[in-house]
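To keep things clear, I will list the structure first and then write my remarks on it.
FYI, it's all coordinate maths here, none of it is from the lab. Keep in mind the model is a prediction, meaning the values are calculated, not measured. In this analysis, Cβ positions are derived from the backbone assuming ideal geometry, glycine residues included, and neighbour counts consider all displayed protein chains.
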Amino acid sequence: MSYTVKLIMGLIGTALLLIFVGGLSYSISTGFAGFMGGLPFMVIAILICGAALYDFWDECVRKK
């Protein structure tokens with residue numbers, strides 16, 4: 001796969017994952033659970049999003 005295609009597909013996939021996890025975290029924190037109830041999930045979601053961004057950088061952006 002060419003570098004440009006890999007970059008675009010990785011960006012689209014990572015963006016969709018970040019939007020989904022961010023929206024899920026937002027809905028849990030503003031819903032019935034409240035901020036303190038959704039805080040553990042929010043912390044986990046931030047760690048997962050950071051790992052996804054690092055993997056995108058490692059696989060698609062960094063020249064090997």
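What residues of region 1-21 lie in the reach of a label at Val61, counting those whose backbone N is under 11 Å from a point 7 Å from the Cα along Cα→Cβ? Within reach of a label on Val61: 11. For the pair Tyr54 and Leu24, a Förster radius of 22 Å applied to the C-beta separation gives a FRET efficiency near 0.65, rounded to the nearest 0.05. Shown for the chain is the translational diffusion coefficient from the Stokes-Einstein equation, using the Kirkwood radius over Cα pairs, a temperature of 4 °C and a viscosity of 1.567 mPa s: 101 µm²/s.
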